[in-house]
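See structure below.
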Amino acid sequence: MPAPAETLRLLYEGFAARDGEAMAACYAPDATFEDPVFRLTGSDVGDMWRMLTERGKDLRVAYTVVDDANVEWTADYTFEGSPVHNEIRSEFELDDDGRIAKQVDTFSFPRWAAQALGLKGKLFGRFRFLQTAVRKASAARLTAWQRRRG
């Protein structure tokens, strides 16, 4: 069983290398993930990382493992033609096997929306209806990606 900080390091090293499989291996089968865009459980968590690392051709990730339960990280990438710099704080709970059982990521949705969605994000990023619409669209993208994978 790896130490918690080692599991978190493996997760973010996988992310930096755009290796969704390595990231998925860090999660327990019944893990949960939540951030302003996704709310996922089980295998959907690993699939989200597989999808994001596959699509993120210009993705750059930098991270600091703060302690056994927290990581501060940044992601720089292009989203639908727009450059994004996102600053995230992740909080983790690990299971007895040293795998991630729960992850909650926090970041400024309005700041993200202003970068990723342009004028629409700048005008409406602080309103819940836009976050709800983005969450639904992201869930639909993940489902479509999973169907294509078979």
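Coordinate-derived values only; no laboratory data. Model, not experiment: these values are computed from the prediction. Cβ coordinates were reconstructed from backbone atoms using ideal geometry, including for glycine residues, and neighbour counts include every protein chain displayed.
Could you work out the Rg to Rh ratio of the range 42-128, with Rh taken as the Kirkwood radius (inverse of the mean 1/r over all Cα pairs)? It would help to have the intermediate numbers written out before the result.
Numbers: Rg = 14.6 Å, Rh = 14.4 Å.
Result: Rg/Rh = 1.01.
Using all Cα-Cα distances in the range 1-46, what percent lands in each 10 angstrom bin from 0 up to the longest?
All Cα pairs considered, the percentages come to 29, 53, 18, 0.
Just checking my list (1) 17.8; (2) 15.7; (3) 20.6 against Kirkwood radius over Cα pairs in Å computed from this structure; which label fits?
Recomputing Kirkwood radius over Cα pairs in Å here picks out (2).
In percent, what relative contact order does the chain have, based on Cα pairs under 8 Å that are 6 or more apart in sequence?
Contact order relative to length: 22 percent.
Treating only the Cβ atoms of Lys and Arg (+1) and Asp and Glu (-1) as charged, compute the dipole magnitude of the chain about its Cα centre; round to the nearest 20 debye.
The dipole of the chain has a size of about 1180 debye.
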